[in-house]
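Asks: Before I ask anything, let me first share the structure, which is written out below as structure tokens.
The values are calculated or read from the model by the stated rules, or taken from the named source; none is laboratory data. The structure displayed is predicted, hence computed values, not measured ones. Methodologically, a virtual Cβ is constructed for each residue, glycine included, from the backbone with ideal geometry; neighbour enumeration extends over all protein chains shown.
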Amino acid sequence: MSSKEKNQKNSAEIIPRSEHQVSRDNISDAALKVLYRLKKGGYQAYLVGGSVRDLLLKKSPKDFDVTTDATPEQINKLFRNSRIIGRRFRLVHVRFGREIIEVATFRSSADPENDDHDHEVSEGTGRVLRDNVFGSLEDDVWRRDFTANALYYNIADFSIMDCVGGADDIFDRSLKMIGDPEQRYREDPVRMLRAARFAAKLEFDIDAETAKPIPDLAYLLNDVPAPRLFDEFCKLFQSGHAVEGFRHLREYGLFAHLFPATEQWLQEGDEARLEFVEAALANTDKRVAEDRPITPMFLYGIFLWGPVSEFAKQLVDEGSCTELQAVIAGAAELSLKQNERVFFPKRFSLPMREMLQLQPRFEKRQGRRAFSLLGHPRFRAAYDLMMLRQKLGEIDEESAVWWTEVQKLSEDEQAKRFGIKGTKGGRRGSRSGRRRGGRARRSKNAE
Ligand code: ATP
Ligand code: MG
């Protein structure tokens, strides 16, 4: 039977332990404990989703998801360290220190003809609103997104249950939607973003049938709640495959529905704009690879910088304000609009705006105010953005080198560079200044 037929029909294949590479050595102790306890309790227990897929690909899974025929209440009773969460999907979180194992009860797939209250599909859009009808493993398979994500590792005999040809697709590095792709995207448009993300992360090709409807349906993202898109933004751009993910998003017309102003700015300019954005994404991927900290606000700021600086240029040309005021106004205006699409919590959007607003200050290299830039809490992110702006021809190399070198000097030498006589009290607003200055100056120095 071809994998296409498998994808359509319900023909389970059981891959015995001797014929696959998934070993308990690579499954976390916490996940094993959950699986074994469920089994001991008389329930079925399977590892499912990304973890089985990643183990078959010899990658280390990000997390381990478990599925079972036990109901949330029954699971909850088995584990003292557990709690039931979620409304749209009721799940149980079992906590072991910092590790959380997500345990879900088998569910039946979306069936628009099912009028059960616990399985609600929006009439107009076909979107699944609630999905709490429990079912068997064979039912559960059909509500999953891609065949590669629908493999079940059975703790009872260590075999893998494959109802949709997922193992072959993993082997062929092909990302294939289960069922009718268009219908599945209509049920949940975020699956289109997941296609782009998995293709990038796993280095899979998106199967032609799976890819085909995406450009025409990309607009469905406009109705996805903005906070959910923020979660997807983080997964897309912070898992070490941001450059590839971004390219897929643009190839399928998805990016325009996440960051419309940015897409327009990219299309209206030359290649340099794309180079600027991709250089930032590549830096982020490098940081992830090196296990260095990253923040979503940096890429958010990168995406907004182009539209903000265009907006600011216009204001300045109209003669209505200074460059600094114009950038402040642009950052406020564009982040407000952007938040309607991809909602950024204030703890990210405020520092992001600061990072943008500091840009005009790199033009001044003399005086105390210029000096204080070095001590600004957002200096490092602003400096990284400034360096990338060389690609846009907005910063010359001499200036970039100057700001790079000045950071390496002692505070006295820095003061000289900024044309300041003596550094009594340190940099205005600097961390060292605050430490020595105490309360009184801290309030005066607040930026
Ligand atoms: P990751 O490596 O990013 O964790 P994952 O495949 O485990 O990848 P999750 O978002 O953790 O992805 O979801 C776990 C599993 O739940 C998926 O493998 C898939 O089977 C199913 N799933 C998650 N989101 C959806 C969705 N929107 N539609 C259908 N199935 C989904
Ligand atoms: Mg996962």
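Asks: Among the residues of region 255-264, are any more than 15 Å from the chain's Cα centre (by Cα) and under 18 Å from Arg389 (Cβ atoms)?
Replies: yes
Asks: Given the conditions (1) within 15 Å of ligand 1 (Cβ to nearest atom); (2) touching a residue at least 40 places away in the same chain (Cβ under 8 Å); (3) in contact with a Gly (Cβ under 6 Å, 6 or more places away or on another chain), which single one is not true for Leu57?
Replies: (3) is the only condition that Leu57 fails.
Asks: Collect the residues in region 318-358 that are in a loop (DSSP other than H, G, I, E, B), under 25 Å from Asp223 (Cα atoms) and either basic (Lys, Arg) or without any contact (Cβ under 8 Å) to a residue 24 or more places away in the chain (or both), keeping them in residue-number order.
Replies: The one that is in a loop (DSSP other than H, G, I, E, B), under 25 Å from Asp223 (Cα atoms) and either basic (Lys, Arg) or without any contact (Cβ under 8 Å) to a residue 24 or more places away in the chain (or both): Arg341.
Asks: Which condition from (1) buried (at least 21 other Cβ atoms within 10 Å of the Cβ); (2) in contact with an Asp or Glu (Cβ under 9 Å, 6 or more places away or on another chain); (3) modelled with pLDDT under 95 is the one that Asp140 breaks?
Replies: (2)
Asks: Give Pro296, Pro260 a once-over and let me know the one that is more than 21 Å from Phe204 (Cβ to Cβ) and in contact with a Cys (Cβ under 9 Å, 6 or more places away or on another chain).
Replies: Details: Pro260 fails: in contact with a Cys (Cβ under 9 Å, 6 or more places away or on another chain).
Answer to the check: Pro296.
Asks: From the residues in region 380-409 that are closer than 19 Å to Pro296 by Cβ and of a type outside the set (Gly, Ala, Ser), which one is surrounded by the fewest Cβ atoms within 10 Å (Cβ to Cβ)?
Replies: Arg380
Asks: Hey, any hits in region 207-227 for a residue that's within 16 Å of ligand 2 (Cβ to nearest atom) and free of Cβ contacts under 8 Å to residues at least 60 places away in the same chain?
Replies: no
Asks: If I filter region 29-41 for residues that are surrounded by fewer than 23 Cβ atoms within 10 Å (Cβ to Cβ), of a type in the set (A, V, I, L, M, F, W, C), more than 14 Å from ligand 1 (Cβ to nearest atom) and modelled with pLDDT of 95 or more, do I get at least one hit?
Replies: yes
Asks: Going through region 205-223 one residue at a time, which ones are in a helix (DSSP H, G or I) and surrounded by fewer than 16 Cβ atoms within 10 Å (Cβ to Cβ)?
Replies: The answer is Ala208, Glu209, Pro215, Asp216, Tyr219, Asn222, Asp223.
Asks: Looking only at region 9-28, filter to residues that are of a type outside the set (Gly, Ala, Ser) and within 16 Å of ligand 2 (Cβ to nearest atom); which one of those is surrounded by the fewest Cβ atoms within 10 Å (Cβ to Cβ)?
Replies: Checking each candidate, the answer is Asn26.
Asks: Look at Leu202 and say whether it is surrounded by 23 or more Cβ atoms within 10 Å (Cβ to Cβ) and within 16 Å of ligand 2 (Cβ to nearest atom).
Replies: It is false that Leu202 is surrounded by 23 or more Cβ atoms within 10 Å (Cβ to Cβ) and within 16 Å of ligand 2 (Cβ to nearest atom).
Asks: Something else now. Condition first: out of contact with any Gly (no Cβ under 9 Å at 6 or more places or on another chain) and among the hydrophobic types (A, V, I, L, M, F, W, C). Now tell me which residues in region 394-416 satisfy that. It would help to see each step written out before you state the result.
Replies: Quick first cut of region 394-416, residues out of contact with any Gly (no Cβ under 9 Å at 6 or more places or on another chain) only: 394-410, 413-414, 416.
The answer is Ile395, Ala400, Val401, Trp402, Trp403, Val406, Leu409.
Asks: Within 30 Å of Val288 (Cα to Cα), modelled with pLDDT of 95 or more and surrounded by fewer than 22 Cβ atoms within 10 Å (Cβ to Cβ), is that true of Asn154?
Replies: Taking the combined requirement at face value, the residue does not satisfy it.
Asks: Output the number of residues of region 31-77 satisfying the condition of being more than 16 Å from ligand 2 (Cβ to nearest atom) and assigned to a helix (DSSP H, G or I).
Replies: Within region 31-77, residues that are more than 16 Å from ligand 2 (Cβ to nearest atom) and assigned to a helix (DSSP H, G or I) number 13.
Asks: Looking at (1) out of contact with any Pro (no Cβ under 6 Å at 6 or more places or on another chain); (2) modelled with pLDDT of 95 or more, which one does Arg98 not meet, given that it meets all the others?
Replies: In the conditions (1) out of contact with any Pro (no Cβ under 6 Å at 6 or more places or on another chain); (2) modelled with pLDDT of 95 or more, Arg98 misses (2) alone.
Asks: Looking at region 380-394, can you tell me whether even one residue there is at negative phi, free of Cβ contacts under 8 Å to residues at least 60 places away in the same chain and outside any helix (DSSP H, G or I)?
Replies: No: region 380-394 contains no residue that is at negative phi, free of Cβ contacts under 8 Å to residues at least 60 places away in the same chain and outside any helix (DSSP H, G or I).
Asks: Related question: Determine which single condition Arg24 fails, assuming it passes every other condition in (1) away from ligand 1 (no atom under 16 Å from the Cβ); (2) at pLDDT below 95.
Replies: Here Arg24 clears every test but (2).
Asks: Quick check on my filter: what residues within region 135-159 are among the charged types (D, E, K, R) and within 12 Å of Val52 (Cβ to Cβ)?
Replies: Arg144
Asks: Oh, and also: Please work out which one of (1) at pLDDT below 55; (2) closer than 17 Å to Val190 by Cβ; (3) in a loop (DSSP other than H, G, I, E, B) is the condition Arg130 fails and give its number.
Replies: Failing condition for Arg130: (3).
Asks: Search region 164-187 for residues being within 17 Å of Trp142 (Cα to Cα) and within 16 Å of ligand 2 (Cβ to nearest atom), and hand back the single one that is farthest from the chain's Cα centre (by Cα).
Replies: Across region 164-187, the extreme among qualifying residues is Gly166.
Asks: Still on this structure, please answer the following. In region 224-263, what count of residues is obtained for those that are in a helix (DSSP H, G or I), surrounded by fewer than 21 Cβ atoms within 10 Å (Cβ to Cβ) and small (Gly, Ala, Ser)?
Replies: Looking only at that region, the number is 3.
Asks: Related question: Taking into account only those residues within region 167-187 that are touching a helix residue (DSSP H, G or I) at 6+ places or on another chain (Cβ under 9 Å) and within 9 Å of ligand 1 (Cβ to nearest atom), which is farthest from Ile14 (Cα to Cα)?
Replies: This residue is Arg184.
Asks: So, one more: Which residues, counting only those in region 228-251, are among the charged types (D, E, K, R), under 20 Å from Lys59 (Cα atoms) and more than 16 Å from ligand 2 (Cβ to nearest atom)?
Replies: Glu244
Asks: Give the residues of region 219-247 that are out of contact with any Lys or Arg (no Cβ under 9 Å at 6 or more places or on another chain) and polar (S, T, N, Q), sorted by residue number.
Replies: Gln238
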